[in-house]
2 protein chains.
Amino acid sequence: VSPPKELAEICKVSTSADDLANYGKDWSMNYAANPSAIVFPETIEEVQKLVLWARKTKTSLVPSGGRTGLSGAATATSKEVVVSFEKMNKILGFEPVDRTLTVQAGVVTEAVHKYAEELGQFFPVDFAAKGSSQIGGNVATNVGGVRVLRYGSMRSWVSGLTVVTGAGDILKLNKDLVKNATGYDLKNLFVGSEGTLGLVVEVDLKLTTAPKNTTVLVLGMESLGSAPSIFKTFRNKLNLSACEFFSEIALKKVLALHNLSRPFESETPFYLLLEVEHQADDISESLFPVFEECCEAGWVSDGVISQSATQAQSLWNLREFISESLSPESPYKNDISVKVSQVAAFSRELESTFKKDYSNFQVVLFGHIGDGNVHVNILKPNAMEKSEFIAICHEADKTLFAIVEKYEGAVSAEHGVGLLKKEALHFSRSAPEIELMKTIKRAFDPDGILNPGKVFDA
Amino acid sequence: VSPPKELAEICKVSTSADDLANYGKDWSMNYAANPSAIVFPETIEEVQKLVLWARKTKTSLVPSGGRTGLSGAATATSKEVVVSFEKMNKILGFEPVDRTLTVQAGVVTEAVHKYAEELGQFFPVDFAAKGSSQIGGNVATNVGGVRVLRYGSMRSWVSGLTVVTGAGDILKLNKDLVKNATGYDLKNLFVGSEGTLGLVVEVDLKLTTAPKNTTVLVLGMESLGSAPSIFKTFRNKLNLSACEFFSEIALKKVLALHNLSRPFESETPFYLLLEVEHQADDISESLFPVFEECCEAGWVSDGVISQSATQAQSLWNLREFISESLSPESPYKNDISVKVSQVAAFSRELESTFKKDYSNFQVVLFGHIGDGNVHVNILKPNAMEKSEFIAICHEADKTLFAIVEKYEGAVSAEHGVGLLKKEALHFSRSAPEIELMKTIKRAFDPDGILNPGKVFDA
């Protein structure tokens with residue numbers, strides 16, 4: 001199949017079978033790639049021309065960054081044209097007074113980390129897919145990760161955004177201003193809009209100062225119910241930069257696959273990993289009393305405090321290797337969030353409901369408890385066919401999402417809605433809210449050409 | 001005039017001349033109060049009934065908080081019904097794990113400061129009108145103030161918002177979630193929307209830990225052009241929590257009216273006030289080298305470092321008393337912002353243009369230079385009639401705003417658009433952006449009953 005001649009006049013186009021298969025999907029499963037062409041614009045003007053061509057020809061466009069998304073937002077399943085940003089991968093400049101790094105949408109996240117480090121600065125948005133994910137996609141998903149507790153999500157680090165709307169207008173939003181009280185905040189509307197309102201082409205990123213010293217603790221808990229008290233105690237007295245949790249089941253999976261040792265000898269049903277940022281080289285004096293307070297209150301039954309950067313990393317590995325360690329068991333994943341104060345109650349209700357209704361399923365919980373984010377992983381029983389397992393999990397989702405709704409949580413915490421969660425959106429957003437989103441979508445994308453069918457059916 | 005019977009059945013109504021005059025205006029000047037009635041709802045349901053009544057009767061509503069706004073956003077000039085939130089003034093509760101304080105819209109800002117302090121917590125949004133302004137108004141204006149450099153504006157501290165839209169729907173936005181990737185961010189769309197999309201009825205506020213120690217410096221500069229370098233040097237090496245500037249002209253006005261002494265003996269054309277946050281009691285060891293670096297580079301010609309909390313407050317007074325000290329000279333004020341890196345060049349161009357075109361005007365510049373916010377005050381020449389002065393200033397605005405546009409700045413930094421800046425909105429927002437705002441307005445407020453004529457004419 002050769003691409004339309006008009007399209008080839010705008011920028012590089014590919015319709016090779018390999019490219020169609022590769023650029024038509026992201027890291028999410030169960031969506032078959034089926035794009036009609038892949039385009040590779042190199043300038044904002046080319047992106048604008050693509051949008052105007054798509055409007056004229058009623059062609060749907062799917063924006064494509066590093067395609068590391070887990071909700072199918074960057075998949076092309078219905079003959080869409082995929083707009084890859086990989087040729088718009090330049091770091092455009094750093095302004096040291098504003099501490100602003102301006103980049104094209106296709107710059108890889110890790111390239112920003114490295115560039116910032118060379119400048120003696122720090123870009124704090126950090127997550128597993130950083131080696132492949134692109135800044136434009138990070139904006140579209142409002143990416144989260146392990147540093148949200150301390151630094152907020154992507155939204156907090158975007159001070160300006162250039163986008164091409166579905167109408168073909170180039171908007172320069174907020175222009176790197178710190179204070180701006182001139183009407184509605186369209187910048188934040190774009191962050192997390194998953195490519196449905198416009199195509200992100202340039203981004204102003206704020207950098208900051210890297211933390212000087214960090215110390216990591218892993219604490220054992222008999223009950224997840226102790227986590228909120230421990231979190232609160234550390235957060236109120238120290239500069240807490242991460243608070244993660246995982247279960248003994250999750251730890252066992254990690255230890256079985258990696259050459260790591262237990263954080264301490266005793267086994268406990270749940271573990272909390274805490275990271276504390278500090279100015280002084282040695283923090284023992286202020287850390288020990290807080291640790292002891294948590295032990296004396298009966299919240300913590302055992303624990304370890306990192307004595308070196310190497311040990312800190314080893315402790316982090318116990319948490320970071322979980323996802324990979326579960327892979328062999330084909331986990332069915334959900335990424336949800338509730339208020340931090342509700343994580344323990346929510347998790348308890350989830351576990352007891354699944355124990356009752358789905359007794360043959362093993363449910364592994366872990367996540368960023370300090371920002372209310374729980375990764376729910378259901379492991380496939382060995383004896384069960386994969387298709388049957390997925391079908392039952394889809395059914396079980398309704399049970400899970402109803403509990404999320406009861407706790408006023410989000411059916412997607414940091415992975416977005418895409419195709420995967422759009423039927424579940426109503427568990428977290430009310431009918432009037434969804435109608436308003438659709439009206440906003442039509443305002444920015446009057447012909448419905450941008451990533452149609454993602455987030456909701458417009 | 002007696003209020004419509006249906007209105008009186010919803011909640012308390014007043015049509016007394018005093019109330020009409022009082023509730024019909026805010027702190028901005030030049031707008032004559034002319035509301036038809038003032039209503040005082042006490043519950044969300046009453047607010048919803050008011051909106052539905054307004055839709056039915058095609059009555060315009062003006063939301064009213066502490067009415068400390070400076071852009072006329074809370075003025076009722078055309079027989080609107082003013083919705084006062086002063087009876088919705090309850091602090092509803094504090095959740096210590098989430099560190100979330102839930103308040104009704106009519107709670108006064110300073111009451112939040114005091115409540116937070118009693119809890120051992122800190123609410124960092126701080127500005128001159130805090131004794132009267134209300135939380136709902138702070139949200140509607142996305143209020144800024146002196147701590148934005150360190151803590152961000154109001155937006156950063158709102159984790160959940162309950163609003164009644166112009167359609168009469170009650171929306172619970174973001175529900176105090178830290179991570180939420182379920183579609184468009186309507187919460188941030190409401191922050192700064194100046195009552196044109198919906199009425200804010202309840203707010204979830206995040207609290208934090210109060211700074212332990214702060215030290216204040218005032219530095220003298222021969223040129224404002226040194227400010228960015230000083231700012232950058234301090235910000236990169238210390239935990240800078242405020243960076244304010246003022247001119248010798250502004251300082252002279254303050255000293256003439258208040259019993260304060262100069263920060264140091266020598267006079268310099270410009271001054272920078274820096275506040276540094278620190279953990280250790282004594283910060284001399286890390287502060288002196290940075291101060292010396294700035295002196296050796298020739299950026300700073302003299303300076304003083306606070307040795308006590310009392311002295312720190314005295315130095316802050318030099319900056320905080322400026323506005324009040326200018327009052328007797330009927331200043332014509334503009335509140336604008338540019339990128340931090342552009343403040344010096346912008347200010348120079350502004351001063352030289354005014355010296356050329358309006359040589360009889362004295363222009364006093366001061367503001368939050370660390371977040372690019374410049375307060376431009378033009379003083380009325382003694383010999384000039386006030387009406388002539390205002391007329392010339394309105395003309396001069398076009399010159400000022402054209403310079404703002406050239407530097408890609410905001411014609412309103414933190415005071416909002418309201419009535420005052422709506423004709424100037426196009427200097428900061430493009431035509432497609434303004435059209436998109438109007439479409440969004442119609443989606444939330446289909447009958448155009450909410451604060452019509454504010455921000456733009458829909």
Considering only C-alpha atoms, what is the centroid distance from the stretch B:111-138 to the stretch B:156-201, in Å?
20
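Using a 10 Å cut-off on Cβ to Cβ distances, tally the other chain neighbours for every residue of B:434-442 and report the average as a whole number. It would help to have the intermediate numbers written out before the result.
Working: counts 3, 3, 12, 5, 2, 6, 9, 2, 2.
What the average comes to for B:434-442 is 5.
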For the stretch A:165-313, diffusion coefficient by Stokes-Einstein and Kirkwood Rh (Cα), 4 °C, 1.567 mPa s, µm²/s
69
Only counting protein heavy atoms at a 1.4 Å probe, give the residues of the stretch A:87-113, ordered by number, whose accessible area falls by 30 Å² or more when the other protein chains are present relative to the chain alone.
A:96, A:97, A:98, A:99
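Can you tell me the relative contact order of chain B? Whole percent, Cα pairs under 8 Å, sequence separation 6 or more.
Numbers: 928 pairs, mean separation 70.5, N = 458.
RCO, chain B: 15 percent.
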Please state, to two decimals, what the Cα-based radius of gyration of the stretch A:289-431 comes to when divided by 2.2 N^0.38 Å (N = residues).
1.19
Using modelled backbone amide H atoms (1.01 Å from N, in-plane), which distant-in-sequence or interchain residues come within less than 5 Å of residue A:418's amide H?
A:455
For q = 0.08, 0.15, 0.20 Å⁻¹, what log10 I(q)/I(0) does the stretch B:1-158 give under the Debye formula with an equal point scatterer on each alpha carbon and no solvent?
-0.25, -0.82, -1.23
Phi-based couplings in Hz for the stretch A:394-411 (Karplus 6.51, -1.76, 1.60; Gly and Pro marked x)
4, 4, 5, 3, 4, 5, 4, 5, 5, 5, 4, 4, 4, 8, 6, x, 10, 5
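How do the peptides B:255-268, A:31-44 rank, highest first, by the average count of neighbouring beta carbon atoms within 10 Å per residue? It would help to have the intermediate numbers written out before the result.
Values: B:255-268: 13.2, A:31-44: 19.3.
So the peptides B:255-268, A:31-44, ranked by packing, come out A:31-44, B:255-268.
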Residue B:296-residue B:259 pseudo-label distance in nm [points 7 Å out on the Cα-to-Cβ vector]:
4.3
Over the protein assembly as shown, with every protein chain in place, what whole percent of the accessible area is carbon and sulfur at 1.4 Å, could you tell me?
49
Under the rule of at least 5 residues apart or a separate chain, name every residue whose amide H is placed under 5 Å from the amide H of residue A:428.
A:411
Hey, got the Cα dimensions of chain B along the principal axes, in Å, largest first?
71, 57, 43
Over the alpha carbons of the stretch B:354-458, what is the largest minus smallest coordinate on each principal axis, giving the biggest first in Å?
49, 33, 21
Solvent-accessible surface (1.4 angstrom probe) belonging to residue A:70, in square angstrom, nearest 10
70
Ignoring everything except DSSP H segments at least 4 long, calculate the 222 nm mean residue ellipticity for chain B; use -39,500 (n - 2.57) per segment, divide by total residues, nearest 500.
-10000 deg cm²/dmol
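Give the peptides A:180-189, B:425-434 in descending order of average Cβ contacts within 10 Å, highest first.
Values: A:180-189: 25.7, B:425-434: 18.4.
Ranked from most to least packed, the peptides come out as A:180-189, B:425-434.
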What lysines could a cross-link reach from residue B:58, if we take a straight Cα to Cα line under 18 Å and drop same-chain neighbours fewer than 8 places away?
B:5, B:49, B:79, B:441, B:454
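For B:334-343, what's the mean count of beta carbons from other chains sitting within 10 Å of each residue's beta carbon? Before the final figure, lay out each step's value.
On the way: counts 0, 2, 2, 6, 5, 11, 8, 7, 5, 1.
The per-residue average across the peptide is 5.
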Angle check, please: helix A:309-320 long axis (alpha carbons) against the longest principal axis of chain A (alpha carbons), in degrees 0 to 90, nearest 10.
70
For the pair A and B, total buried accessible area rounded to nearest 100 Å², probe 1.4 Å:
6100
Using a label point 7 angstrom from Cα along Cα-to-C-beta, what distances in nm, from shortest up, separate residue A:327 from the other copies?
6.7
proj_area_mean for the stretch B:1-65 (convex hull on C-alpha atoms), units nm², value 4.7
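Taking N as the number of residues in the stretch B:249-299, what is its Cα Rg relative to 2.2 N^0.38 Å? Write out the running numbers ahead of the final one.
Values: Rg = 14.3 Å, N = 51, 2.2 N^0.38 = 9.8 Å.
My calculation over the Cα atoms of the stretch B:249-299 gives 1.46.
Could you work out the Rg to Rh ratio of the stretch A:303-346, with Rh taken as the Kirkwood radius (inverse of the mean 1/r over all Cα pairs)? Each step should come with its number before you reach the end.
On the way: Rg = 14.7 Å, Rh = 13.3 Å.
On the Cα set of the stretch A:303-346, Rg over Rh gives 1.10.
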What is the calculated FRET efficiency for residue A:237 to residue A:6, with r their C-beta to C-beta distance and R₀ = 60 Å, to the nearest 0.05?
0.40
Expressed as a whole number of Å, what is the distance separating the alpha-carbon centroids of the stretch A:284-318 and the stretch B:429-458?
53
Whole-Hz ³J(HN,Hα) from phi, Karplus 6.51 cos²θ - 1.76 cosθ + 1.60, for the stretch A:132-148, glycine and proline x:
10, 5, 10, 4, x, x, 4, 5, 4, 9, 6, 4, x, x, 8, 10, 5
Expressed as a whole percent, how much of the Cα-Cα distance distribution for the protein assembly as shown exceeds 53 Å?
15
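With all protein chains present and a 1.4 Å probe, how do A:384, B:221 order by accessible area, largest first? Provide the component values of the computation, followed by the final result.
On the way: A:384 25, B:221 0 Å².
Per-residue accessible area, sorted high to low, gives A:384, B:221.
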I want to make sure I understand the PRE zone here: with the label point 7 angstrom from the Cα of residue A:284 toward its beta carbon, which residues in the stretch A:307-328 have backbone N atoms less than 18 Å away?
A:307-312
Cα-centred dipole magnitude for chain B, charges only on beta-carbon of K, R (+1) and D, E (-1), debye, nearest 20
1120
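So, for chain A, what is the accessible surface per residue at a probe of 1.4 Å, expressed in square angstrom?
Details: 17270 Å² over 458 residues.
Roughly 38 Å² per residue, with all protein chains present.
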Could you work out how far the C-alpha centroid of the stretch B:73-109 sits from that of the stretch A:376-421, in angstrom?
38
Inter-chain Cβ neighbour average for residues B:186-194, partner chain, 10 Å:
5
From the backbone phi of the stretch A:325-338, what are the Karplus-calculated ³J(HN,Hα) couplings (6.51 cos²θ - 1.76 cosθ + 1.60, θ = phi - 60°) in whole Hz, Gly and Pro given as x?
5, 7, 3, x, 9, 6, x, 9, 9, 9, 10, 10, 9, 9
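For the ranges A:392-399, B:398-405, what's the packing order if you count other beta-carbon atoms within 10 Å of each residue, average per peptide, and put the highest first?
Working: A:392-399: 15.6, B:398-405: 17.1.
Highest to lowest by the protection proxy: B:398-405, A:392-399.
So for the stretch A:341-400, what are the equivalent ellipsoid semi-axes in whole Å, largest first, each being the square root of 5 times an eigenvalue of the Cα gyration tensor? Show your work: numbers first, answer last.
Values: eigenvalues 103, 28, 19 Å².
Calculated on Cα positions only, the semi-axes equal 23, 12, 10 Å.
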What span do the alpha-carbon atoms of the stretch A:259-362 cover on each of the three principal axes, reported in whole Å from largest to smallest?
49, 33, 27
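The values are calculated or read from the model by the stated rules, or taken from the named source; none is laboratory data. Note that the coordinates shown come from a computational prediction; the quantities given were computed from them, not determined experimentally. So basically every Cβ, Gly included, is an ideal-geometry build from the backbone, and we count neighbours across all protein chains shown. To get the accessible areas, we keep the full protein, side chains included, count just its heavy atoms, and leave off ligands, DNA and RNA. Shrake-Rupley method; radii C 1.70, N 1.55, O 1.52, S 1.80 Å.
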